[in-house]
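All remarks here apply to the structure that follows.
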Amino acid sequence: MDARARARRSIDHVADGETAAVNAHLRRFFERHANGLVKKLREDDNYSSWARVKSKALKKELTEAVGACEIIERELERVGTSMVEEVVGDVRVFDVCCGKGMTSCVAAASIVNCDVIAVDRDKRMNMKHLASEQKITFKEMDAYDEAVDEMMRDAKLSGKVVVVCGVHLCGDLSRRAIELFARWGDILVLSPCCLVREVRAWKRPCGEFGYGLARAARRLEADSHDLWCKLLLAHVPTHLGSEFAPVSKRIVVDDALLSEKNRFIVARRERPRSACVSCDGEEFSWKVTNK
Ligand SMILES: C[S@@+](CC[C@H](N)C(=O)[O-])C[C@H]1O[C@@H](n2cnc3c(N)ncnc32)[C@H](O)[C@@H]1O
């Protein structure tokens with residue numbers, strides 16, 4: 001349909017704006033999804049709830065979604081998953097606290113052999129657009145619910161590559177995403193948002209992880225978000241499971257995100273080494289010198 005023949009939506013304003021020409025994620029989004037997601041955002045009735053989202057908010061969400069999905073794709077290549085089109089369904093992305101699920105939509109459109117489980121506890125969101133997305137299933141669930149663990153465990157047991165993705169997770173939800181990755185995940189892509197809100201002792205169902213961080217940042221004259229990301233990175237285990245699989249982890253600062261909170265915590269479970277050196281029968285000794 002001709003843009004002049006229909007009401008302009010937010011996506012049209014984003015497409016025509018200056019930022020779309022200069023921002024790497026937006027440019028890529030419009031190039032890569034011109035006939036898919038962009039068209040749906042422009043024309044699909046199921047996507048009409050995105051029509052009046054402020055274009056500034058839409059731009060920000062798009063950059064975050066594209067940024068997260070590009071990292072997932074890169075990590076998948078390192079896991080060794082075939083990205084060949086015929087291989088269907090061997091990656092399952094869990095978009096934890098998905099909101100309206102733009103990250104899920106971009107993931108479904110970009111990662112060829114994947115399906116997506118989008119989890120959020122908010123019942124009131126208009127999720128009609130997901131009717132146009134066959135690869136996405138929305139689960140109205142609390143991220144702390146054991147049922148989320150069960151879904152991930154089932155995916156893992158059925159041989160899928162499990163991706164735990166959390167975009168702009170507030171407070172303790174970032175710790176929870178790391179916990180889910182440590183139990184079931186192969187890849188973690190997490191962009192933390194605000195620090196843990198400190199509450200009185202009897203109101204702390206999730207414990208005290210992250211408490212005192214704002215004070216520490218002030219004392220150190222450090223950036224509190226940067227410090228929060230470093231604490232979360234340190235919280236990602238270095239090895240996982242009974243196989244003691246090594247984890248590669250890092251912080252990615254993404255300058256193309258239209259947000260000051262532009263860091264991703266990225267982790268990938270690597271193949272366990274077949275046996276430790278000493279079990280292979282080789283001599284393995286520590287030399288302690290007493291000088
Ligand atoms: C800052 S938004 C992030 C939304 C989305 N990832 C995005 O980038 O647009 C936080 C979302 O987390 C959801 N949320 C907050 N606490 C939750 C919980 N315990 N379980 C599941 N969802 C939760 C809210 O409903 C909200 O949609």
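The values are calculated or read from the model by the stated rules, or taken from the named source; none is laboratory data. Fair warning: this is a prediction, and the values are worked out from it, not measured in the lab. Note that we place each Cβ from the backbone using ideal geometry, even for glycine, and neighbour counts take in every protein chain shown. Accessible surface areas use protein heavy atoms only, side chains included; no ligands, DNA or RNA. Shrake-Rupley method; radii C 1.70, N 1.55, O 1.52, S 1.80 Å.
Of the residues in the stretch 38-53, none is touching a Leu at 6+ places or on another chain (Cβ under 8 Å), of a type in the set (Lys, Arg) and at pLDDT 95 or above.
Restricting attention to the stretch 127-154, the residues that are open to solvent by less than 20 Å² (accessible area, probe 1.4 Å), within 12 Å of the ligand (Cβ to nearest atom) and part of a helix (DSSP H, G or I) add up to 1. Cys194 falls short on exactly one of the conditions (1) open to solvent by 30 Å² or more (accessible area, probe 1.4 Å); (2) more than 13 Å from the ligand (Cβ to nearest atom); (3) under 20 Å from Gly101 (Cα atoms), and that condition is (2). Taking (1) closer than 11 Å to Pro192 by Cβ; (2) surrounded by fewer than 16 Cβ atoms within 10 Å (Cβ to Cβ); (3) in contact with a strand residue (DSSP E or B) (Cβ under 6 Å, 6 or more places away or on another chain) in turn, Asp226 satisfies each apart from (3). Taking the numbered list (1) modelled with pLDDT under 95; (2) surrounded by fewer than 16 Cβ atoms within 10 Å (Cβ to Cβ) in turn, Asp16 passes all entries but (1). When the stretch 229-250 is filtered for residues that are open to solvent by 50 Å² or more (accessible area, probe 1.4 Å) and of a type in the set (A, V, I, L, M, F, W, C), the ones remaining, listed by number, are Leu231, Ala234, Phe244. For the stretch 155-172, filtering for residues that are more than 12 Å from the chain's Cα centre (by Cα) and either within 11 Å of the ligand (Cβ to nearest atom) or in contact (Cβ under 8 Å) with a residue 24 or more places away in the chain (or both) leaves 8.
Can you list residue pairs whose Cβ atoms sit under 8 Å apart, with the first residue in the stretch 175-198 being small (Gly, Ala, Ser) and the second being part of a helix (DSSP H, G or I)? Count only pairs 6 or more apart in sequence or on different chains. Taking only residues 6 or more apart or on different chains, the pairs are Gly185/Met152; Ser191/Glu64; Ser191/Gly67; Ser191/Ala68.
Quickly run through the stretch 87-126 and pick out the residues that are within 23 Å of Asn35 (Cβ to Cβ), open to solvent by 40 Å² or more (accessible area, probe 1.4 Å) and near the ligand (Cβ under 9 Å from one of its atoms). If the condition is that a residue be within 23 Å of Asn35 (Cβ to Cβ), open to solvent by 40 Å² or more (accessible area, probe 1.4 Å) and near the ligand (Cβ under 9 Å from one of its atoms), then Lys100 is the only one that fits. When each of Leu58, Leu62 is tested for being modelled with pLDDT of 95 or more, within 11 Å of the ligand (Cβ to nearest atom), open to solvent by less than 20 Å² (accessible area, probe 1.4 Å) and touching a Phe, Trp or Tyr at 6+ places or on another chain (Cβ under 6 Å), the lone residue that passes is Leu62. Applying the condition of being farther than 20 Å from Asp254 by Cα and part of a strand (DSSP E or B) to the stretch 159-185 and asking which residue is least open to solvent (accessible area, probe 1.4 Å) yields Val162. Looking at the stretch 198-212, which of its residues are more than 12 Å from the ligand (Cβ to nearest atom) and open to solvent by 50 Å² or more (accessible area, probe 1.4 Å)? Across the stretch 198-212, the qualifying residues are Glu198, Arg200, Ala201, Trp202, Lys203, Arg204, Glu208, Tyr211.
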